[in-house]
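The values are calculated or read from the model by the stated rules, or taken from the named source; none is laboratory data. All figures in this text were calculated on a predicted structure; none of them were measured in a lab. Heads up, the Cβs are rebuilt from the backbone with ideal geometry, glycines too, and the neighbour counts pull from every protein chain shown. In case anyone asks, the SASA skips ligands and DNA or RNA and just uses the protein heavy atoms, side chains included. Shrake-Rupley method; radii C 1.70, N 1.55, O 1.52, S 1.80 Å.
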Amino acid sequence: MPSSILLVATDPAAAGAMSKLLTGLGHTVTPQADPAAAVASVAEHQLVIIDVASTEPTGVDVCRAIRATPALASVPVLCVSPADDIEERIRFLEAGADDVIPRPFDNRELEARVEALMLRFRRTLDRAGSIIADGSISATVRIVAVFSPKGGVGTTTIAANVALASALRRPDRVAIVDLALPFGSVATHLNLPVRQTLADLVRDESAMQEPEILRSYATRHDSGLHVLAAPGSPEMAELIETAHIAPLLATALGTYDALVVDAGSSISDRAMAVLERADSILVPLVPEIASLKAVHALLEYLTGSGSVPGKMSFVLNNTFAREILRQRDVESSLGMRLALELPYDPFVYLKAVNEGIPVVQGAPRSQAAERLGQLSAMAFGENGVGPGDAPAKKGRLGGILRR
């Protein structure tokens, strides 16, 4: 991802080494040895790196001057700290730095931090393009939760395919968060070996606060989807508390455009925290009485719980069954329209789960993949229809359930 970088550095040797590294990665680097003159040329670049020794003005002064200029607010600033001194790093952050890297640093770490800041810069430009005439920003869906009150209805399958379909449209800008605790299996559905999980992430306070550090805990799928995987055991899953949910999602939104959260099938405080934070909620159900009863009970439970029910879209999943209950019967029972119906195709779904290749990638020409792609676009409001837009039918819940 080549970019134009302004390198404010007072040490010629350090400036030369850093310029050589960044130029070798395809970036255009403009060295500036005079910190006092640096601010005037910031607007011409996409990233500023400040590596200033103990001179006047200091690196903190330069960073503060850049942040004091409103027109430069969107330009990311990476500061190099002379040593791994927490107080010095805090001063840089208080001055408005987007990231701080201490010396000595590994070249690969510098490369990763530069790329992460450039991703943020480009996303800022993309969002700026969504500002409408009256100056307000158009509503966007950034967090899609997939939740069902009954297990075995394809919640993880839908979450993985919705996330993957979105990532194929915008690689490295979408993450899936596996909060189907204690037995989350998103990584298994993607045939993805993981080294770090959410249990490791929540124990790192800096990662819970700094988007680029959080990003380092994600495992990248070859599609460009990033996975924040569930812990491998119930004991480790207990480390993830309700209090972690809000900061986890908020920090993740600082480095990803969109999140898909597999919220599982258990009504817990953690799940409710996800549902309250989500912009859109997909609720899978299968065409059987037990599933309808569970959804009915969920809606009754959520009565009076604020905006959660209004964000829900119901997905009839015919993965392994057909012609048990018809769509109109399900809609009559629920008292509302279904957002989408997934077709019956046991071979495609079983093959996807057993091979760890989601349907949208492993069988892209199938009807199932087409419907899952539509579901992904609908969930994120990309086709003009947002979450919960399916109008409710008149009448009470009942019908089939009473029988």
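Can you report the number of residues in the range 361-371 which are touching a Pro at 6+ places or on another chain (Cβ under 8 Å) and buried (at least 18 other Cβ atoms within 10 Å of the Cβ)?
Let us first name the residues in the range 361-371 that are touching a Pro at 6+ places or on another chain (Cβ under 8 Å), namely 367-368, 371.
Subsequent filtering for residues that are buried (at least 18 other Cβ atoms within 10 Å of the Cβ) retains 368, 371.
Of the residues in the range 361-371, 2 are touching a Pro at 6+ places or on another chain (Cβ under 8 Å) and buried (at least 18 other Cβ atoms within 10 Å of the Cβ).
Per-residue answers, yes or no, for (1) of a type in the set (A, V, I, L, M, F, W, C); (2) farther than 30 Å from Ile86 by Cβ; (3) open to solvent by less than 30 Å² (accessible area, probe 1.4 Å); (4) modelled with pLDDT of 95 or more:
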| position | (1), (2), (3), (4) |
| --- | --- |
| Ile131 | yes, yes, no, no |
| Phe147 | yes, yes, yes, yes |
| Gly151 | no, yes, no, no |
| Asn161 | no, yes, yes, yes |
| Val186 | yes, yes, yes, yes |
| Val194 | yes, no, no, no |
| Ser206 | no, no, no, no |
| Thr219 | no, no, yes, yes |
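Looking only at the range 1-53, which residues are open to solvent by 30 Å² or more (accessible area, probe 1.4 Å), under 22 Å from Ala112 (Cβ atoms) and part of a helix (DSSP H, G or I)?
If the condition is that a residue be open to solvent by 30 Å² or more (accessible area, probe 1.4 Å), under 22 Å from Ala112 (Cβ atoms) and part of a helix (DSSP H, G or I), then Gly16, Ala17, Lys20, Leu21, Thr23, Gly24 are the ones that fit.
Given the conditions (1) at pLDDT below 85; (2) open to solvent by 50 Å² or more (accessible area, probe 1.4 Å); (3) of a type outside the set (Asp, Glu), and given that Asn107 satisfies all but one, which numbered condition is not satisfied?
Among (1) at pLDDT below 85; (2) open to solvent by 50 Å² or more (accessible area, probe 1.4 Å); (3) of a type outside the set (Asp, Glu), the lone unmet condition for Asn107 is (1).
Condition first: closer than 29 Å to Leu299 by Cα, at pLDDT below 90 and open to solvent by 50 Å² or more (accessible area, probe 1.4 Å). Can you find one or more residues in the range 343-360 that meet it?
Yes, the range 343-360 has at least one match.
Let's see how each residue does on (1) modelled with pLDDT of 90 or more; (2) under 24 Å from the mean Cα position of the chain (by Cα); (3) buried (at least 18 other Cβ atoms within 10 Å of the Cβ); (4) not in a strand (DSSP E or B):
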residue: Val62; (1), (2), (3), (4): yes, no, yes, yes
residue: Ser74; (1), (2), (3), (4): no, yes, no, yes
residue: Leu78; (1), (2), (3), (4): yes, yes, yes, no
residue: Phe92; (1), (2), (3), (4): no, no, yes, yes
residue: Val114; (1), (2), (3), (4): no, yes, yes, yes
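Could you pull out the residue among Ala290, Ala230, Ala297 that is more than 30 Å from Glu331 (Cβ to Cβ) and either surrounded by fewer than 22 Cβ atoms within 10 Å (Cβ to Cβ) or touching a residue at least 24 places away in the same chain (Cβ under 8 Å) (or both)?
Numbers: Ala290 fails: more than 30 Å from Glu331 (Cβ to Cβ); Ala297 fails: more than 30 Å from Glu331 (Cβ to Cβ).
Only one candidate qualifies: Ala230.
Scan the range 235-246 for residues that are open to solvent by 50 Å² or more (accessible area, probe 1.4 Å) and outside any loop (DSSP other than H, G, I, E, B) and jot them down. First the steps, then the outcome.
Of the range 235-246, the ones open to solvent by 50 Å² or more (accessible area, probe 1.4 Å) are 235-236, 238-239, 241-243, 246.
Within the range 235-246, Glu235, Met236, Thr242, Ala243, Ala246 qualify.
Looking at (1) within 15 Å of Val177 (Cα to Cα); (2) open to solvent by less than 10 Å² (accessible area, probe 1.4 Å), can you tell me which one Val283 breaks?
Failed condition: (1).
Here is a yes/no grid of residues against (1) farther than 21 Å from Thr255 by Cα; (2) of a type in the set (Ser, Thr, Tyr):
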| site | (1), (2) |
| --- | --- |
| Thr10 | yes, yes |
| Gly26 | yes, no |
| Glu56 | yes, no |
| Pro82 | yes, no |
| Glu88 | yes, no |
| Val100 | no, no |
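Look through the range 210-226, keep the residues that are touching a helix residue (DSSP H, G or I) at 6+ places or on another chain (Cβ under 6 Å) and part of a loop (DSSP other than H, G, I, E, B), and return whichever of them is nearest to Val260 (Cα to Cα).
Leu225
From Ala207, Ala273, Ala294, which residue is of a type outside the set (Phe, Trp, Tyr) and assigned to a loop (DSSP other than H, G, I, E, B)? Full working, then the answer.
On the way: Ala273 fails: assigned to a loop (DSSP other than H, G, I, E, B); Ala294 fails: assigned to a loop (DSSP other than H, G, I, E, B).
Step by step, each of Ala207, Ala273, Ala294 is checked, and only Ala207 is of a type outside the set (Phe, Trp, Tyr) and assigned to a loop (DSSP other than H, G, I, E, B).
Pairs needed: first member in the range 324-346, of a type in the set (S, T, N, Q); second member anywhere, at pLDDT below 70; C-beta distance under 6 Å; at least 6 residues apart or different chains.
Short answer, once both residue conditions are applied: Ser332/Gly399; Ser333/Gly399; Ser333/Ile400; Ser333/Leu401.
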